[in-house]
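No lab work stands behind these numbers, since they all come straight from the coordinates. Since the structure is predicted, the reported quantities are computational estimates derived from the model, not experimental observations. Here the Cβ is made from the backbone with ideal geometry for all residues, glycine too, and neighbour counts use every protein chain on show.
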Amino acid sequence: MAAAAVLLVLIAMLLLVGGRQSLAARAAGADRLAFVSLRAGEMQIYSIDADGQGERRLTGPPGQNVIPVWSPGGRQIAFVKRQGEDSQIYVMNADGSARRRLTSPSGSATFPAWSPGGSRLAFVSTRVGEPQIYVMNRDGKAQRRLTGPPGFSTVPVWSPDGRHIAFVSTRDNAVPELYVMNADGTSPRRLTEPDRYVTNPSGKGEKQLGAVGGVLLRPGVLHPAWAPDGRSIAYVTRVGLAEQAIYTVRIDGTGRRRITTGYGPAWSPDGRRIALVVARVGDAQIYVMNAGGGAAKRLTPGGVHLMPSWSPDGRRIAFISSRAGDLALWVMDPDGRNQRRLAPSRATSASCRSFPGSLADPSKPLTPPPVRA
C-alpha cells in the first residue's frame, strides 16, 4: 500500500476507532503493547513486547477488531468487534484466548473503559438512539445507563480513584462540552463553556462560533485526560479556523488554563509532563512539556508521528510513525532519544493502542486531524 494510502487509512482509524485508554500493563513480568494492524487487509489486534520481541496476533476474522484496552492488572483486554454496521464489546485474556462478548446487538457499543480497580467497564451504546454512557460488571452483567437525552454523551474516562467519570456531551449545547459525574451517574456537572472562535492567541477579537463560517475543525471539546492526581483534566478545544489548543481545568470547573497549541494530551505517570501532537500541513510531531506550562520540546523528526502514550514507569513513550514510508509502532525515551521501531516492516500498522494515555476520539460528529499553515 502506498504511503499516502496508508496515511488515509490511519486518519480514518483515528477518527473511527477513537480511543487512547489505559492500554498497556505489565504482563508476565514484561511490558506489552497492543496495536491494530491492517497487514492482512483488515483490522486485527496484535501485541508485542516493549523491546520489539514476542509479537503475536490476538484476534482474527470474522469482522474487524479494534480499540484494545488493557485491564488494570494486565491480564485481560477489552476490545470492539465490528461486523457490518454492528459493533460490540468483547473481552479476552492477554494472550488472545477465552474471547467472549459482553454487550448485545440491541444497538452498537464502543469505547470500553476499565475502572481503575478492574471490576467494571464503562462504554458507549446507541441502544436508546443517540450514543449514551453505560457501565457494566467485567463479566458483562448488571449493565446500566448513566446518561440520557437530550443530546449525546460519549468517551467515558474514569478518574484515577474510580469515584468519577469524565465525558463529552451535547446535553446542554449543540457544541460538545466537558462534563464530570459520579461513577453511578449522579451529579453531572459541566466544566467548560460553549466554545468560542478566537482570532489570536491573546484572546482579543473573539467571535461566537455561530458568526464564523468556513471553519476547518469542528468546535467543542476533544481528548479529555485525567491528571494522575485526579485534581484536573486536560482537554482539547478549537481556537481558530484550523488550530486546536490544550487546556486544563480543575474538576470543580475552576482554573481553566490554556497550556499550549496541539492535541492528544497524554500525562506522564507522575503527572509532571504532558506529551502531545502538533500538526501542520503534511507534518505531525510529538512534543513534551511540563504540565505546569512553559515551552514544549519537539521529540520527533520530519514526517507524521501520532498517538504518544507513556509506559507505566514513565521511561518510554510509544507512538506511531511514518518516517520509513509506512506506518509502524515505535518507542523512544521521554527526551526523544533511542527512537526505535518495534513492529517489523511487514507489520505496518494503521493504528496502535499502547501505553497509558488519554482518550483520543471524543464524540461524533468526528473531527479530522488538525492542520495548521
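Values computed for the structure shown
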| item | result |
| --- | --- |
| Gln83/Asp283 FRET efficiency (R0 41 Å; Cβ-Cβ; nearest 0.05) | 0.70 |
| Approximate spin-label separation Asn173-Ser97, in nm, with each point projected 7 Å along Cα-to-Cβ | 5.1 nm |
| Contour excess over end-to-end distance, with Cα ends at Arg145 and Arg189 and 0.36 nm allotted per residue | 14.1 nm |
| Cut-off 12 Å between beta-carbons: net charge of the residues surrounding Val135, Lys and Arg +1, Asp and Glu -1 | +4 |
| Local electrostatic count, Asn290, Cβ distance below 12 Å [Lys/Arg +1, Asp/Glu -1] | +2 |
| Residue-count net charge about Arg56 - beta-carbon cut-off 10 Å; Lys, Arg +1, Asp, Glu -1 | -1 |
